[in-house]
Amino acid sequence: MSCRTKFSTTTASRSSRSGSVRSYAYDLLRWWRWLRAIDIEWDRATSAEVRDLVLWLQQATKQRRTARTTSAATAGTINPITRKLHPGDRYQPRTILHSNAVLRASYEFWIERGAGPLVNPVPLQRRGGQRPNAHHNPLQPFRPEGRLRYNPPAPKRRPRAMSDQQ
């Protein structure tokens, strides 16, 4: 049984929503295709390959089976009623954030079982190279740390609201 089959059956058996499992599968598929394109084995990948994937995703256009027709005019614009962004032709920062989180979790899964690489190629970015909240004062709240390296900044969302008439 290949590593892809083992991970997907274990993830699917955790009673996750089907959309979540599907999005995880597409993120892993994109990663494995990337590694095949640059001729690197999945267990030999380093943070340099993750960085290159993120840089590529930031400038690449999404692949489509068919060209846009009616939705081409609205691509990347905001719906005036729902205030939601229409899907564009490029990968959004939230897609890249999700992809990095999925890759990190996948590699952690294999490292815990002793069947993968020794080092996770999606490292956490530490402030000053220390562990998170090192020398923490117990009277102060914990600082949020441990952001994944190479994550693009996520845009701040405005709260969406619709009037009762809408």
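The values are calculated or read from the model by the stated rules, or taken from the named source; none is laboratory data. On a predicted model such as this, the values are computed, not experimentally measured, just so you know. Surface areas here come from the heavy atoms of the whole protein model, side chains and all, with no ligands, DNA or RNA. Shrake-Rupley method; radii C 1.70, N 1.55, O 1.52, S 1.80 Å.
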statement: Using a 1.4 Å probe on heavy atoms of the protein chains only, the accessible area for Thr61 in Å², nearest 10, reads 80
statement: In whole Hz, the Karplus estimates of ³J(HN,Hα) for the stretch 90-104 (6.51, -1.76, 1.60; θ = phi - 60°; x where Gly or Pro) are 10, 6, 7, x, 5, 5, 5, 4, 5, 4, 5, 5, 5, 4, 4
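Mind pulling up the Rg/Rh value for the stretch 38-94? Radius of gyration and Kirkwood radius, both on Cα. Please report the intermediate quantities before stating the final value.
On the way: Rg = 15.8 Å, Rh = 13.9 Å.
Ratio of gyration radius to Kirkwood radius for the stretch 38-94: 1.14.
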message: With every protein chain left in place and a probe of 1.4 Å, what is the accessible surface of Ile40, to the nearest 10 Å²?
response: 50
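Express the accessible area of the stretch 62-120 per residue in Å², computed with a 1.4 Å probe while the remaining protein chains stay in the model. Before the final figure, lay out the partial values.
Working: 3920 Å² over 59 residues.
Here the residues of the stretch 62-120 average 66 Å² of exposed surface.
Of Thr66, Thr77, which has the most accessible area with a 1.4 Å probe, and how do the rest follow in descending order?
Working: Thr66 105, Thr77 55 Å².
The most accessible residue leads, giving Thr66, Thr77.
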message: Taking the full set of protein chains and a 1.4 angstrom probe, give the accessible area of Arg22 in square angstrom, rounded to the nearest 10.
response: 150
task: Name the residues whose placed amide hydrogens come within less than 5 Å of the amide hydrogen of Arg90, ignoring near sequence neighbours (fewer than 5 apart) on the same chain.
output: Lys62
- prompt: Taking θ as phi - 60°, what are the ³J(HN,Hα) couplings along the stretch 55-65 by the Karplus curve (6.51, -1.76, 1.60), each to the nearest whole Hz, with x for Gly and Pro?
  reply: 4, 5, 5, 5, 10, 7, 9, 5, 7, 10, 5
- request: Kindly write out, for the stretch 107-116 in residue order, the coupling ³J(HN,Hα) from the Karplus curve 6.51 cos²θ - 1.76 cosθ + 1.60 (θ = phi - 60°), rounded to whole Hz, with x marking Gly and Pro.
  value: 5, 4, 4, 6, 5, 4, 8, x, 10, x
